[in-house]
1. In nm, to one decimal, how far is the R142 label point from the K177 one, both placed 7 Å along Cα→Cβ?
2. Along Cα→Cβ, 7 Å out, is where each label goes; now give me the distance between the ones at R132 and R84 in nm to one decimal.
3. Binned at 5 Å from 0, what are the whole-percent values of the Cα-Cα distance distribution for segment 1-79, short to long?
4. Could you state how much accessible area E50 has, in square angstrom rounded to the nearest 10, with a 1.4 Å probe and all protein chains kept in place?
5. Mind checking which lysines have their C-alpha under 22 Å from K65, skipping anything on the same chain fewer than 8 residues away?
6. How far apart, in nm, are two points set 7 Å out from the Cα along the Cα-to-Cβ line at E62 and at D24?
7. Over the heavy atoms of C154, what accessible area does a 1.4 Å probe trace out, to the nearest 10 Å²?
8. Using Cα centres only, tell me the gap between segment 123-174 and segment 1-76 in whole Å.
Amino acid sequence: ICPEYLERIVRRHISLPWIIAETDRLLIREFTQEDIGAMPEEPDVWFTQEEREADQVFYDAEKLKAYIKGQYRFYEYGIWAVVRKADGVIVGKAGVTNLEESEHGEFENKTMLPDESAEYLELGYHIFRPYRRQGYAEEACRAILDYAKNELDCPVCACVAGENTASVRLLRKLKVKYVTVCNM
C-alpha cells in the first residue's frame, strides 16, 4: 500500500475526483457534477453521430452522475477533464476508453493496430476551440499515455478521421498506433 493508493481510496469514498496526471500547465482529473456548467458545448466536426450522442454524457447531470459512478469506479479510467492549472479552466477532455471494432466499422489497416489477441484501449481527446494550437493536446495525451502504461498496463491505440490532419500529425508525434476511419 502506497500513499497514492490510500489517497485514491479516500477520494473515492468522499466523492472527490481522482487526479490522473499533472503536467507543467495541466491537471488531468475525473469529471465532477460541477463541471457541467464550465463546459462549452462544441461537438467536434470529426465526431460520428454515435460519438456525438455519447459525448452528451458530459452535458447532462444525470448521465454524468451515472458515468462517474459506473465508469470511474468500475474501470478506473475513462474520459477526464483537462484543466489549465493557471486559472482552473477546463480546456478540453481526454482519456482512454474500451475500443470495439464494431463501433468504428472496418479498419483500413489492421496491421497498424496492436496484437489483435491483446486487449487495448483507445486514446481520445478534444481540446475546445479557444485553447487549440497551444500544445495542450500533446501535453495531455503524453500524460495519459504514461498513466495507461504505468497504471493500467494496457496498450493504447487511436481511431482518427483521415481528414483530421492535425490529429494524424499529433498521433504520429506521440508514436501512437492508429487507424484512419471515414466519418462522412
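1. 2.3
2. Spacing of the two 7 Å Cα→Cβ label points: 1.6 nm.
3. Pair shares across the bins are 3, 13, 20, 24, 19, 12, 5, 3, 1.
4. The value for E50 is about 110 Å².
5. In chain and number order, the partners are K93.
6. According to this spin-label approximation, the distance is 4.5 nm.
7. C154 has an accessible surface of roughly 30 Å² with all protein chains in place.
8. 17
The values are calculated or read from the model by the stated rules, or taken from the named source; none is laboratory data. Because the structure is predicted, anything quoted here is derived from the model rather than measured. Cβ sites come from the backbone with ideal geometry, for glycine too, and all protein chains shown count toward neighbours. What goes into the accessible areas is simple: the full protein's heavy atoms, side chains included, and nothing from ligands, DNA or RNA. Shrake-Rupley method; radii C 1.70, N 1.55, O 1.52, S 1.80 Å.
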